[in-house]
1. Would you compute, from DSSP H runs of 4+ residues alone, the mean residue ellipticity of the chain at 222 nm, taking -39500 (n - 2.57) per run and dividing by the full residue count, rounded to the nearest 500?
2. Rounded to the nearest whole Å², what accessible area per residue is found for segment 151-282 with the 1.4 Å probe?
3. Which percent, nearest 5, of DSSP beta bridges in the chain are antiparallel?
4. For Rg/Rh (Cα atoms, Kirkwood Rh), the listed values are (i) 1.05; (ii) 0.98; (iii) 1.26; which was obtained by calculation from the structure presented?
5. Nearest 0.05, what FRET efficiency do residue 154 and residue 85 give at R0 = 45 Å with Cβ-Cβ as r?
6. Enumerate the whole-percent occupancy of each 5 Å bin, from 0 to the last occupied one, for all C-alpha pair distances of segment 90-191.
7. Could you give the length gained by full extension between residue 120 and residue 132, i.e. 0.36 nm per residue of separation minus their alpha carbon distance, to one decimal place?
8. Considering only protein heavy atoms and a 1.4 Å probe, what is the carbon-and-sulfur percentage of the accessible area of the chain?
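The values are calculated or read from the model by the stated rules, or taken from the named source; none is laboratory data. Since this is a predicted model, take the numbers as computed values, not measurements. Cβ placement follows ideal geometry from the backbone for every residue including glycine, while neighbour counts extend to all protein chains displayed. Areas reflect the complete protein model, heavy atoms only, side chains present, ligands, DNA and RNA absent. Shrake-Rupley method; radii C 1.70, N 1.55, O 1.52, S 1.80 Å.
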Amino acid sequence: MYKSILLASFIALALNQADAQATDHKALTIATEGASPPWDMIDTEGKLVGYDIDVGNELCRRIAVECTFVAQDWDGMIPALTVGKFDAIMSGMAITEKRKKSIAFSQPYAGGFNQLVMRKDLQLPATDIKAKVNLTSIGTAQRAILEQLQSALSGRTLGVLRSSNSEAVLNELFGKVATIRSYDTQDNLHLDLAAGRIDGGLADYFTWKAFLDGKDGETAAFYGPELSGGLWGPGVGVGIRKQDTDLVAAFDKAIDDCVRDGTLKALSLKWFGMDVSPSVTP
């Protein structure tokens, strides 16, 4: 009886300590890839910079915690979060149902879309790069656009970031007509595209724009419509362990405040040249 009481007391104490640790966040480590400008990148001084970092620092200021950003390979990011290597992910990561099976997300702190980029020398049939296709609800006109793309890209080699939603979308839309080549980093994809080792690829619009605006991107251009929805989900959020519900709530409130006072709009204009902040909810 005495041992049972001691055991029960020990379990209660352990649970209380675990709960206290879960809610007592005085310092946070946030992972980012550091290779997807303007979301996140490493500058000439070796420092992590970008929209994710600026937003993260502002959110941490508002929830009164000290935050440190660390670089982490994309395809190992979620597993590393779940085992406690760091406390959160801010790396242009889309909120998807598949990822929500492993981790939790804050509300979105950015929107956006993805787009194909192809080599100019291929002389592919012209497309409307301002057209929009939401993969969540594909109508007759949108389906016709996708079928034209599949025909134009038949037999081509397309690159994409490994373990990304773009990889899943690219395989779903073009896996039967094109060769899909997955890369460990977006930079390596850019190198192969510039060297002509692949014909094109699919990625976040803003990541592509940073590449196309540089010297290495002179030989390529956007191709096809702006793609959103579907596997890409409702937007980009902070990835957090499921048990850290207090941290999710804290980030949600800070993001909501940043949307309402225009901070996210200002930061998105700084890094993207356009407003990608989420809409204000009533």
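1. After summing the helix terms and dividing by residue count, I get -11500 deg cm²/dmol.
2. 44 Å²
3. Numbers: 20 of 38 bridges.
Of all bridge pairs located within the chain, approximately 55 percent are antiparallel.
4. (i)
5. The computed FRET efficiency comes out at 0.60.
6. 2, 9, 19, 22, 21, 15, 8, 3, 1
7. Working: separation 12, 0.36 × 12 = 4.32 nm, distance 2.14 nm.
Stretched fully, the residue 120-residue 132 segment lengthens by 2.2 nm.
8. Numbers: 7400 of 14110 Å².
So the carbon and sulfur contribution to the accessible surface is 52 percent.
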